[in-house]
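What follows is a short report on a single structure.
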């Protein structure tokens, strides 16, 4: 599935962009109610950027997968495939 770049509001504690608290997707602001899961990828190997993944639930009950690329300071959301009607 492809990723689409998004704007994310973050909590920054001991490091910048520690965790998402809200994001804008499809011209709408979504507030994060819960981080369901979190994992990391890359950085151990010098040829791959560090990627942080966050599986989040919004206050509306929707679940999204967000990805943070620290090399480019960029957030993205996993875009689900369109379903045929």
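The values are calculated or read from the model by the stated rules, or taken from the named source; none is laboratory data. A quick note: this is a predicted structure, and the numbers were derived from the prediction, not measured. Here the Cβ is made from the backbone with ideal geometry for all residues, glycine too, and neighbour counts use every protein chain on show.
Data for the structure
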item	result
Residues located in the stretch 12-33, provided they are surrounded by 12 or more Cβ atoms within 10 Å (Cβ to Cβ) and either within 16 Å of residue 77 (Cα to Cα) or modelled with pLDDT under 95 (or both)	17, 18, 19, 20, 21, 22, 23, 24, 25, 30, 31, 32
The stretch 22-61: number of residues that are farther than 17 Å from residue 9 by Cβ and in a loop (DSSP other than H, G, I, E, B)	10
